[in-house]
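Scroll down for the structure; my scribbles are underneath it.
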C-alpha cells in the first residue's frame with residue numbers, strides 16, 4: 001500500500017520516467033507497463049541461445065527452470081498490465097490463467113514508486129539540514 005501522501009501526478013510521472021507508455025482514447029486514459037519494465041520490476045535476468053530459446057533465467061537471484069521461466073515470460077508477454085489514470089487503479093488483460101502474477105507485479109510497482117518517493121524525500125530532508133546549517137553559519 002502506497003503512502004497516502006503520494007499524489008496521482010507523482011505516480012504518473014514516476015511510471016512515465018520508468019519507461020511506461022500512456023494511451024488515451026475517448027474517456028480511457030491508461031499507462032501501460034512494457035515488458036522491459038516488468039522485467040526490471042520483477043528483477044528478471046534472461047539469457048538466450050542463438051536459436052532464441054531460453055539459456056537461463058533468474059528472478060531476484062534465484063535460478064528458475066526453463067519450464068518455469070517460459071511460463072513467466074509468456075505471461076509477461078501476453079498479459080497487459082496498466083495503471084488506469086481515470087480510476088486511479090491498476091488493471092490487466094489476458095492473464096493466461098496466472099491469477100497471482102498481476103498481484104505480484106502491482107505490489108512490486110507500488111514498492112518501486114514508494115522507494116522513489118522515500119528517496120526523494122530523504123534528499124529534500126538532507127538539503128533542508130544543509131540549508132539550516134548554512135543559515136546558522138551565516139548568523140541567520
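The values are calculated or read from the model by the stated rules, or taken from the named source; none is laboratory data. Everything numeric here is computed off the predicted structure, so don't read it as measured data. Don't worry about glycine lacking a Cβ; one is built from the backbone with ideal geometry, like all the others, and counts go over all protein chains shown.
The table below lists the values:
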{"quantity": "Wholly enclosed helices (runs of 4 or more DSSP H) of the range 1-89 bearing at least 1 residues surrounded by 14 or more Cβ atoms within 10 Å (Cβ to Cβ), more than 11 Å from the chain's Cα centre (by Cα) and touching a residue at least 60 places away in the same chain (Cβ under 8 Å)", "calculated": "8-18"}
{"quantity": "Every pair of residues 6+ apart whose Cβ atoms lie under 9 Å, when the first sits in the range 98-114 and is farther than 18 Å from residue 5 by Cβ while the second is exposed (fewer than 15 other Cβ atoms within 10 Å of the Cβ) and modelled with pLDDT of 90 or more", "calculated": "102/91; 108/43"}
{"quantity": "Flag for residue 109 being surrounded by 14 or more Cβ atoms within 10 Å (Cβ to Cβ), in a helix (DSSP H, G or I) and at pLDDT below 90", "calculated": "no"}
